[in-house]
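Take a look at the structure below.
The values are calculated or read from the model by the stated rules, or taken from the named source; none is laboratory data. All values derive from a computational prediction rather than experimental measurement. Cβ atoms come from the backbone with ideal geometry, glycine included; neighbour counts cover every protein chain shown. All accessible areas refer to the heavy atoms of the entire protein, side chains included, with ligands and DNA or RNA removed. Shrake-Rupley method; radii C 1.70, N 1.55, O 1.52, S 1.80 Å.
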Amino acid sequence: MQLNIIAAVAENRAIGYQNDMVYFIREDLKRFKQLTTGHTVIMGRRTFYSLPKGALPNRRNIVLSRTETDFPGCDVYKSLDEALQHIGADEQAFIIGGASLYKEALTVADRLYLTEIEAVPPHADVFFPAYDDGTWKVESREERPATDDNPAYAFVDYVRKDT
Ligand SMILES: NC(=O)c1ccc[n+]([C@@H]2O[C@H](COP(=O)([O-])OP(=O)(O)OC[C@H]3O[C@@H](n4cnc5c(N)ncnc54)[C@H](OP(=O)(O)O)[C@@H]3O)[C@@H](O)[C@H]2O)c1
């Protein structure tokens with residue numbers, strides 16, 4: 001199984017505020033859909049509740065929760081380890097948030113697909129963990145300029161240094 005992390009991260013690593021995203025960038029949402037469709041997405045309970053239409057279509061949805069079991073259209077597990085044991089060897093899985101799950105998965109993931117947004121939001125209450133400890137190397141970086149609708153950002157793909 002290939003385990004990926006995908007996130008849109010502000011300059012201060014902010015990823016959310018009041019159970020919502022801090023930036024909505026159309027191209028970023030498109031890329032998220034393109035990369036994850038046909039694969040497995042793994043999310044925490046609160047991230048599930050932040051999805052406007054529930055389970056994401058055309059993907060296997062996995063929700064992690066120790067307190068709830070009923071998430072329509074989703075497989076539910078009580079830990080990341082348990083979820084990973086139920087993912088086939090040829091499946092590709094994407095950790096799609098939130099903060100504690102990102103932190104846990106960062107120690108085991110193979111790749112990071114980050115959208116690094118060159119701005120700091122006025123408010124934030126969840127943050128992506130630090131990933132500048134030398135574990136990750138940039139595999140590709142695609143800069144996008146600011147528009148009337150969004151700040152400048154870059155699609156940055158990282159791989160583990162020892163892979
Ligand atoms: N910018 C981005 O790319 C991005 C992506 C995703 C989310 N977000 C934002 O992040 C925020 C939500 O993230 P969050 O950190 O607050 O919450 P979250 O991680 O989505 O959900 C937390 C809950 O998930 C369950 N959980 C998490 N890890 C688990 C594990 N290893 N094993 C079992 N259960 C686990 C627990 O549920 P129980 O309490 O039921 O046990 C925990 O209380 C929202 O603001 C959302 O918009 C941003």
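A few notes on this one:
- Residue that is surrounded by the most Cβ atoms within 10 Å (Cβ to Cβ), among those in the range 151-161 that are at pLDDT 95 or above and not in a strand (DSSP E or B): 151
- Options 103, 137: the member that is modelled with pLDDT of 95 or more, more than 15 Å from the chain's Cα centre (by Cα) and farther than 23 Å from residue 25 by Cβ: 137
- Annotation: residue 120 fulfils all but one of (1) open to solvent by 40 Å² or more (accessible area, probe 1.4 Å); (2) more than 10 Å from the ligand (Cβ to nearest atom); (3) outside any strand (DSSP E or B); (4) over 18 Å from residue 12 (Cα atoms); the unmet one is (4).
- Of all the residues in the range 96-116, those that are among the hydrophobic types (A, V, I, L, M, F, W, C), in a helix (DSSP H, G or I) and in contact (Cβ under 8 Å) with a residue 60 or more places away in the chain number 3.
- In the range 123-143, the residues that are open to solvent by 60 Å² or more (accessible area, probe 1.4 Å), away from the ligand (no atom under 14 Å from the Cβ) and within 30 Å of residue 1 (Cβ to Cβ): 132, 133, 137, 138, 139, 141, 142
- One residue stands out among those in the range 97-112 that are under 11 Å from residue 3 (Cα atoms) and open to solvent by less than 70 Å² (accessible area, probe 1.4 Å): the one that is farthest from the ligand (Cβ to nearest atom), which is 110.
- If you go through the range 1-59 and keep only what is of a type in the set (Gly, Ala, Ser) and surrounded by 12 or more Cβ atoms within 10 Å (Cβ to Cβ), you end up with 7, 8, 10, 14, 16, 44, 50, 54, 55.
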